[in-house]
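The values are calculated or read from the model by the stated rules, or taken from the named source; none is laboratory data. Everything numeric here is computed off the predicted structure, so don't read it as measured data. We place every Cβ from the backbone using ideal geometry, glycine too, and count neighbours over all the protein chains shown.
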Amino acid sequence: MKKPKINARYIIFVLVLLCLVTLFAACNAETESSTNAVYDINLSYDGNLTVEGVQNVCYTNNLAQPLDSLKIMLYANAYKQNAFTITDAGEAYYDGISYGNIKIDEFTVNGNETEFSLSDNEQVLSVDIPSTASGEKVDFSIKYTVTLPKCNGRLGVTQKTANLCSLYPVVCPIVNGKFVETEYSPYGDPYVADVQDFFVTLTAPDGYVLACSGKITDETQTDGTKTFEITAKNTRDFAMVLSQSFALLAKTADGVEIKYLYYDDSQPAETLGIAQNALKIFSDAFGKYPYDTYTVVQAPFVAMGMEYSSLSIIADNLPQDYLETTVVHETAHQWWYETVGTLQTSEAFVDEGLAEFSTAYYFKANGDKEKYADLYGSHKLSYAVYKAYAKANGITFDETMAKPLSDFNSSNEYVVIAYDKGALMFGWVFDILGEKKFKKAMRNFYEKYKFKIAAFSDLTECFKKYNKGLNLNPWLNGKTVI
Ligand SMILES: [Zn+2]
């Protein structure tokens, strides 16, 4: 995500301080050979607040030992009544508080209806499966109904779009032999997933235009409805944004079809050009963008932007300068979060810090050293200002970087730690290693962990190949003075 918007009191404090110093599917032949889970999803959107889904999943046990249960995330239940997201994201609710949820209508395993249980907040579904040996596959099927909130969030009906992100039930990834349950947090992007293959059919009332992860392979119109067939292979998630207002601009560059869907942009060709340029610069610096499509989509959105596999959402109210840095930041996430998965719920600074540093680097690589220095300087200033603000207001500021999302004291603390301190740390490594070695280390990291989930320690090992004595612990534990 690009920085959440920051609260008014803090903005006033920043402005005052700035003045003083004058200066955020069923298993079938096609899927037999894949070790990715294969999601065959059939969705029907009613054009209002309801999505009906039928989802067949062919899941491979990639563990060394037999598997006899599954944990499945139901992110849509983060929008239920009494979920903490409501109070923490009030500004997303443009028409008063509105609730959403996912109701599981039927769950079958290998064709047999099966009992399941839900966690207390109904965000994690647990189900027993027949013992499945290492390398073997299990089929399960879920019928569900999603009620969308009226909200400018990841999942919701906005005033211009239907944001259908984090909508479908998804199996938790297994890290170090255990399912990682990523229950919703008001801070950060509480999503960790393995790469998967998606085959999606979406039916919506005629008139809707679709922006989505992957490639739309077919579009048909029948009896007042439009049906989209979409394929997204080897992707960490699958997201969709629908609107009756979208205009489309597209071009193909270096084998990638780049699309921009928008409704309010006086310079759409420039925005598309920023996405194209970012894909090129990051491909050259870190390793080739792995897909043949990339879509940027405008939407009413509570934060500045949000990353999904081969899809970036950009808020529709960004000033030109923020539009550019947001498109670049979200595009950088295609490398850090998407292709190389990170532990976003316990090491959020990795993908956000890398995305922010990569954004600054984009300007440097583009010949704009002044903007690079400005962005770097803005992270330093932002961090110092928040530290002073916290001190002046008696707010605890825990400068530790590697901590669970639930350990952050506020959205502001999350922003300065994950984005600002994260970017500063990677800038510090960049300066120590030098551009050439830094890029080599990042390319090694990208190649080694492509389509996997990497921990920060994995990245540190890649850096250490070029500087054995590199010690990032003072950054992580908060002792480094910024
Ligand atoms: Zn981000």
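Considering region 367-482, the qualifying helices (runs of 4 or more DSSP H), each wholly inside and each with 2 or more residues that are within 24 Å of the chain's Cα centre (by Cα), run over 369-392, 411-414, 422-449, 456-464. In this structure, is S283 touching a Phe, Trp or Tyr at 6+ places or on another chain (Cβ under 9 Å) and buried (at least 18 other Cβ atoms within 10 Å of the Cβ)? Spelling it out, it is not the case that S283 is touching a Phe, Trp or Tyr at 6+ places or on another chain (Cβ under 9 Å) and buried (at least 18 other Cβ atoms within 10 Å of the Cβ). Of all the numbered requirements in (1) assigned by TED's automatic domain parsing to the domain that holds P404; (2) away from the ligand (no atom under 11 Å from the Cβ), G353 misses one, and that requirement is (2). Please indicate, with yes or no, whether at least one residue in region 163-183 is surrounded by fewer than 23 Cβ atoms within 10 Å (Cβ to Cβ), at positive phi and within 23 Å of the chain's Cα centre (by Cα). Yes, because at least one residue in region 163-183 is surrounded by fewer than 23 Cβ atoms within 10 Å (Cβ to Cβ), at positive phi and within 23 Å of the chain's Cα centre (by Cα). For region 364-377, check the following and say yes or no: at least one residue is within 16 Å of the ligand (Cβ to nearest atom) and surrounded by fewer than 24 Cβ atoms within 10 Å (Cβ to Cβ). Looking for residues that are within 16 Å of the ligand (Cβ to nearest atom) and surrounded by fewer than 24 Cβ atoms within 10 Å (Cβ to Cβ), one finds at least one in region 364-377, hence yes. For region 288-324, the candidate set comprises residues that are within 11 Å of the ligand (Cβ to nearest atom) and more than 22 Å from I216 (Cα to Cα); within that set, the residue that is surrounded by the most Cβ atoms within 10 Å (Cβ to Cβ) is G305. Taking the criterion of being in contact with a Ser or Thr (Cβ under 9 Å, 6 or more places away or on another chain) and outside any helix (DSSP H, G or I), the residues of region 340-364 that qualify are Q344, T345.
Identification of strands (runs of 3 or more DSSP E) wholly contained in region 174-284 with 3 or more residues that are more than 30 Å from P404 (Cα to Cα) yields 196-205, 209-212, 215-222, 225-235, 247-253, 256-262.
Within the bounds of region 418-439, is there any residue that is over 15 Å from F357 (Cα atoms), surrounded by fewer than 18 Cβ atoms within 10 Å (Cβ to Cβ) and either modelled with pLDDT of 95 or more or assigned by TED's automatic domain parsing to the domain that holds A37 (or both)? Yes, there is a match, as at least one residue in region 418-439 is over 15 Å from F357 (Cα atoms), surrounded by fewer than 18 Cβ atoms within 10 Å (Cβ to Cβ) and either modelled with pLDDT of 95 or more or assigned by TED's automatic domain parsing to the domain that holds A37 (or both).
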